[in-house]
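The values are calculated or read from the model by the stated rules, or taken from the named source; none is laboratory data. As the structure is a computational prediction, the values presented were derived from the model and not from experiment. Using ideal geometry, Cβ is built from the backbone for each residue, glycine included, and neighbour counts are taken over all protein chains shown. When the accessible area is computed, the model is the full protein with side chains, heavy atoms only, and any ligands, DNA or RNA have been set aside. Shrake-Rupley method; radii C 1.70, N 1.55, O 1.52, S 1.80 Å.
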Amino acid sequence: MFKEKTTEEIQAASRIAGTSKGAVYNNPRYRAWFYQLAMMLGLLYFFYSIISNTLGNMEALGAKTGFSFLSAAAGYDVLMSLISFDATDTYARIFVVGFLNTVLVSVIGIFFATVFGFIFGVAHFSHNWLIRKVAITYVEIFRNIPLLLQVFFWYFAVLSALPGTRESLSLGEAFFLNVRGFYFPRLIGEGGSWVVYASIFVAIFGVFFLKHWAKKNQEKTGEQFPVFYTSLGILFGLPLFFALVTGFPFTIEYPVLKGFNYTGGITVIPELMALSLALSVYTGAFIAEAVRAGIQAVPHGQTEAARSLGLKENRVMSLIIVPQAMRVIVPLLNSEYQSLVKNSTLAAAIGYPDLFNVFVGTALNQTGQAIETIFMTVVVYFILNMIISFLMNRFNSSVALVTR
Amino acid sequence: MSVIEQQANNDDIIVIKDLNKWYGNFHVLKDINLNVRKGERIVICGPSGSGKSTMIRCINRLEEFQKGSLVVNGVEMIDDVKNIEAIRKEVGMVFQHFNLFPHLTILENLTLGPIWVQKKPKDEAEATAMKYLERVKIPDQALKFPGQLSGGQQQRVAIARSLCMAPEIMLFDEPTSALDPEMIKEVLDVMIELAEEEGMTMLCVTHEMNFAKTVAHRVIFMDGGEIVEENTPNEFFENPETDRLQLFLSQIL
Amino acid sequence: MREFKPLPAQPAPVKTQGAVAWLRDNLFYSPVSSIVTLFFAYFFIKYSIAMFDWALLSADWTGTTEKDCTSEGACWVFIKAWSQQFFYGSYIESEIWRINLSILLLLAVIVMSFTLPKNIRLKVTIPAFLLLPFICIAILDGRILGLTHVKTDLWGGFSLNVLMAAASIIVAFPFSFLWSLGRRSDMAFIRSVSIIFIEFFRGVPVLSLFFMGSVMLPLFFAEGTNVDKLIRVWIVLIFFMSGYMAEVFRGGFQAIPRGQYEAADSLGLGYWQKILLILLPQVIKVSMPNILATFVMLFKNTTFLLIIGIPELVQTLQTALSNSYWLGGHTLEGYLFVFAVFWASCFSMSLLSSHIERKLDTDNRN
């Protein structure tokens, strides 16, 4: 009784001390307000001074402001464009051209970086000593050499050492590789080609249906249907079958040597080749490390438990190891993909017309509107990274573990 | 072939003959000979590093051996994927650290083997799984993930996971040594029930001597990679034949 | 009572050690693996012999001009002739000792941070590190110290990559520490400003930051202020690094056990005392591997400077390769040399980083 009373008294006393007797400047809550106010004022002053300086400077330079330049004719051509473009088109259109080229090189880079990364990451666990060493060597060499140097190496040392147009390396008179680029045939659809296109959609639809059916069938009978190989068969077989039935309604446009250059077919310019090679080899080395870390993070007991249930080795891998490794790998992949997109701006070094190069490079120079062009470009990279981040986080939440 | 016939004549389900194993130059198992009758329950004990875990891990080929022979349920253990798979289907294993698959629910942990190895329909596999979850007294946890369960619960799930494969033989590799004291009993109770009701062939590496006294038909003592002594529980604990076992018993009892 | 006599250990029947066993277990354990091994070995031997011959046996080592490269092999004369440019850029030849001095000072401070007695280590090395960039700039520029003035246009080569990276990360250090504290703060406004800052500098391509530094930054200063290009790039790199390093420190703060915070609070330490005396030393220690990794990234990114026309090593190589006195096609030699320089620096730092990581791991276990 006596004891309880004292504690209550002490508590009451300390409550009073905390509220009324303490000095205002010692109260954590007021202090927090003060710090934040100070920071806000500091920031306001900072922005005020740079904005007023900028306005003053621009007035002195007589620079234009605003986004009206977007509708003006650009007056210069770009090396490569996925949509039609000539010098009379606007800056707005050149922005789209650059954007598409950035997306193109990023997608190619991400695809091959992932392929290289997974191959070399898994090779790290090979039983064969030589394969292990090759995997380690790849990772340690390519992630420790600056990306820009690698871009230059592929562009100036490898691709420019290729033979000239007349001495092109060729494969079956359809694929050509020379100092000006890589050429391969293009399929052009004719009258009945819609049947084949439609069959591709049907095949994709069919694969989804097959997957669903196989699951239901397993639940009923217990049989495991080889979904993967059947799907591959459907995806390639069905369009091929319809192509044959309709008498191949395509013309193949082969690249042909005319004068000093190849025309027709599809051309991959060396700038695109060098940049995507460098991006995928460099990022692939980082992804290989991520894959290695992911697989290493799965305890050996998991493999043992799966084996002792009688699972075959490939099932141990696909049902137990990979799903668990993915939860380590996916967040790392997310950041690697984002840096790949950011690093694709190195296009400027070799003249591949990506967004950064055509906009911050050329358009800024021509119009002098630094703030607008840099702002627009930076926003695009933010959006691209947000998209990657969103997709990878969706993927990540599907592989994340539930604990507690 | 001759080994298989000989084995079919008596009802030994595991026949280990002159088994030797080396890690590099280190001789871990020395001339192990052990026959296990169908339905027999064996407890294996010994100091750490005595090779007891290694021996039972040889039985389902989690460890390879270099010399000797091993026949499980009529199938000889040789370097052949088919033989290894056949043996693993008949042998269930419970690990010290449970080794539940953390990315799968409890129910999925239990149905994984039946669906992918025994090719059972999902419904049937789930019904079996629920039956065994009730046996180990945690049917209400079926849809949770391993990380959400206590150690004792996880180990009971691990036992149920092995049982779902309807194995002929169960191997227990120190099933209670990673558990908190109050959880050991719940796991041992499940194991005792399993022994008494199912008549399952069991090999259990453990230091729970009360468990050995209650369930085991035979207790084996290993040291330095060899079987030093084997006997009925009574004789084993009351009249140890060797000084080595006497010393061991005096240290753990 | 029977006495237990252990069986003697026998040697393994199949050889499990020695060269033959190693080859069998690692290279020829199955037919497929043997084929793979032979395939790789064939190409490796074939190309390494050719490479060895080209790079060493039939290479030209002596001489000073293009004409001295007569053989089929590599022309290392090219590298020799340009080596001063590669390392020091166009810095005035008689003043090169100043670059060497700066690099020596940097190395000295690094060595100090590993070897000084623990009780004074942080107290000495942190101020030394923070002063270093400014001392180096004074030495290299020369005006304040009464030495010959060397304009920044002449600075270049590999020493610029090294010093630029070091100067940026060092100055970014205190800023990033503040940003990471801001991001952990309970004060909503400070927290949001920190998050925006950090995520902006992590999310933007470095190249666009360089362009901001060279095109936009001059607009931000008051009229008539003329800030040197190299200084502007330095400012940009500091901002860039402080975004990345803030995240490294945030990871470090999270790695410190809760008990450390509680113990510091229960001793009655104030906020800054708690941060500086208890947390900072531990955060730096656990973040060391990541700090090094971030530094390697920054170091590699200093090559990007060539895009805004700063003659760092890769730019110098491009200049050398297009020099009209050296048009003998020395691309391969040039790239191999620059590869080797960067690779050796980055690889040794990543080795150091994993060494520290392992050491931290064992420290934690004990």
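Report, to two decimal places, the Cα Rg of chain A normalised by 2.2 N^0.38 Å (N = number of residues).
Cα Rg divided by the expected 2.2 N^0.38 Å: 1.40.
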Relative to chain B, whose Cα atoms define the longest principal axis, helix B:181-198 and its Cα axis are tilted in degrees, nearest 10, by 90
What total accessible area, in Å², is buried where chains A and B meet, using a 1.4 Å probe and rounding to the nearest 100? 2700
Mind listing, in residue-number order, the residues in region B:212-253 that have at least 50 Å² less accessible area with every protein chain present than in their own chain alone (1.4 Å probe)? B:GLU226, B:GLU241, B:ASP243
Between B:MET130 and B:VAL81, what is the FRET efficiency for a Förster distance of 45 Å, r being their Cβ-Cβ separation, to the nearest 0.05? 0.90
Taking the C-alpha atoms of the protein assembly as shown, how large are the radius of gyration and the largest Cα-Cα span, Dmax, in Å? 35.5, 108
In whole Hz, what ³J(HN,Hα) sequence does region B:105-121 give by Karplus (6.51, -1.76, 1.60; θ = phi - 60°), x for Gly and Pro? 5, 4, 4, 5, 4, 6, 8, 3, x, x, 6, 8, 9, 8, 6, 8, x
Sort C:VAL36, B:VAL15 by heavy-atom solvent-accessible area, probe 1.4 angstrom, most to least. C:VAL36, B:VAL15
Kyte-Doolittle mean at least -0.5, axial Cα span of 15 Å or more - DSSP H helices of chain C: C:31-52, C:76-88, C:96-115, C:118-141, C:157-184, C:188-203, C:229-255, C:280-301, C:331-365
Probe radius 1.4 Å, ligands and nucleic acids left out: which of C:MET164, C:MET51 has the largest accessible area, and how do the rest follow? C:MET51, C:MET164
In vacuo Debye sum over C-alpha of chain B, base-10 log of normalised intensity I(q)/I(0) at q = 0.08, 0.09, 0.15, 0.17 Å⁻¹, listed in q order, is -0.31, -0.40, -1.11, -1.37
Measuring from a point 7 Å past the Cα of A:ARG31 along Cα-to-C-beta, which residues in region C:238-282 have an amide N at less than 12 Å? C:269-275
Accessible surface of B:ILE32 - all protein chains present, 1.4 Å probe, nearest 10 Å²: 0
Highest average packing first - A:342-350, B:71-79, A:81-89, Cβ atoms within 10 Å: A:342-350, B:71-79, A:81-89
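Strictly over 18 Å apart at the Cα level, which of B:LYS131/B:LYS213; B:LYS67/B:LYS89; A:LYS215/A:LYS312; B:LYS17/B:LYS82; B:LYS30/B:LYS82; A:LYS220/B:LYS122 would you flag in this model? The partial results should precede the final answer.
Values: B:LYS131/B:LYS213 29 Å; B:LYS67/B:LYS89 24 Å; A:LYS215/A:LYS312 20 Å; B:LYS17/B:LYS82 21 Å; B:LYS30/B:LYS82 27 Å; A:LYS220/B:LYS122 7 Å.
Exceeds cut-off: B:LYS131/B:LYS213; B:LYS67/B:LYS89; A:LYS215/A:LYS312; B:LYS17/B:LYS82; B:LYS30/B:LYS82.
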Got a sec? Which residues of region B:66-105 lose 20 Å² or more of accessible surface with every protein chain in place, vs. that chain alone, 1.4 Å probe? B:GLN66, B:LYS67, B:GLU85, B:ARG88, B:PHE95, B:ASN99, B:PHE101, B:PRO102, B:HIS103
What helix-only [θ] at 222 nm does chain B give? Using -39500 (n - 2.57) per DSSP H run of at least 4, over all residues, to the nearest 500, the answer is -12500 deg cm²/dmol
Can you list the residues, at least 5 places off or on another chain, whose amide H is less than 5 Å from the amide H of B:ASN35, using H built in the peptide plane? B:ILE16
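Could you tell me the total accessible area buried at the A-C interface, probe 1.4 Å, in square angstrom to the nearest hundred? List each step's numbers first, then the result.
Values: alone 25650 and 22120 Å², together 43210 Å².
That pair of chains buries around 4600 Å² in total.
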According to the Cβ-distance criterion of 4.7 Å, cysteines of chain C with no possible disulfide partner are C:CYS136, C:CYS346
Could you calculate the FRET efficiency of C:ASP153 with A:THR251 from 1/(1 + (r/R0)^6), where r is the beta carbon distance between them and R0 is 60 Å, rounded to 0.05? 0.55
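If you take every residue apart from B:ASP31 with its C-beta less than 10 Å away from the C-beta of B:ASP31, what net charge results, scoring Lys and Arg +1 and Asp and Glu -1? Please report the intermediate quantities before stating the final value.
Details: positive: B:LYS17, B:LYS30, B:LYS67; negative: B:ASP18, B:GLU226.
Taking every Cβ under 10 Å from that of B:ASP31, the sum is +1.
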Surface accessible to a 1.4 Å probe, A:THR267 within the full protein complex, Å²: 70
Cβ-based net charge around A:LEU79, under 11 Å, with every Lys or Arg adding one and every Asp or Glu removing one: -3
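Can you say what percent of the DSSP beta bridges in the protein assembly as shown, counting only those with both residues inside, are antiparallel? Round to 5. Intermediate values should be presented prior to the final figure.
On the way: 37 of 58 bridges.
Here the share of antiparallel DSSP bridges comes out near 65 percent.
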Please work out how much accessible surface C:TRP179 shows to a 1.4 Å probe, ignoring ligands, DNA and RNA, in Å² rounded to 10. 50
Buried accessible area, chains C and B (both chains, 1.4 Å probe, Å² to nearest 100): 1500
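Give, as a single signed number, the net charge of other residues whose beta carbon lies under 14 Å from the beta carbon of C:MET216, with Lys and Arg counted +1 and Asp and Glu -1.
Summing Lys/Arg as +1 and Asp/Glu as -1 gives +1.
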Just check region B:138-253 against the gyration tensor rule for me: Cα atoms, a ≥ b ≥ c as the square roots of the eigenvalues, rounded for a/c under 1.5, and otherwise prolate or oblate depending on whether a/b exceeds b/c. prolate
Note on chain A: helices (DSSP H) long enough, at least 15 Å by alpha carbon along their axis, and hydrophobic enough, mean Kyte-Doolittle at least 0.0, are A:28-61, A:91-123, A:129-142, A:193-221, A:227-245, A:270-296, A:322-343, A:370-399
With every protein chain present, what is the per residue accessible area of the protein assembly as shown (1.4 Å probe, Å²)? 50
Work out which residues of region A:129-172 lose at minimum 50 square angstrom of accessible surface when the other protein chains are put back, relative to the chain isolated, with a 1.4 angstrom probe, and list them by number. A:TRP129, A:LEU130, A:ASN144, A:ILE145, A:PRO146, A:LEU148, A:LEU149, A:PHE152, A:PHE153
Report, to the nearest whole %, how much of the accessible area of the protein assembly as shown belongs to carbon and sulfur atoms, 1.4 Å probe, protein only. 64
With a point put 7 Å past each Cα toward its Cβ, work out how far B:ASN33 is from A:MET39 in nm, to one decimal. 7.9
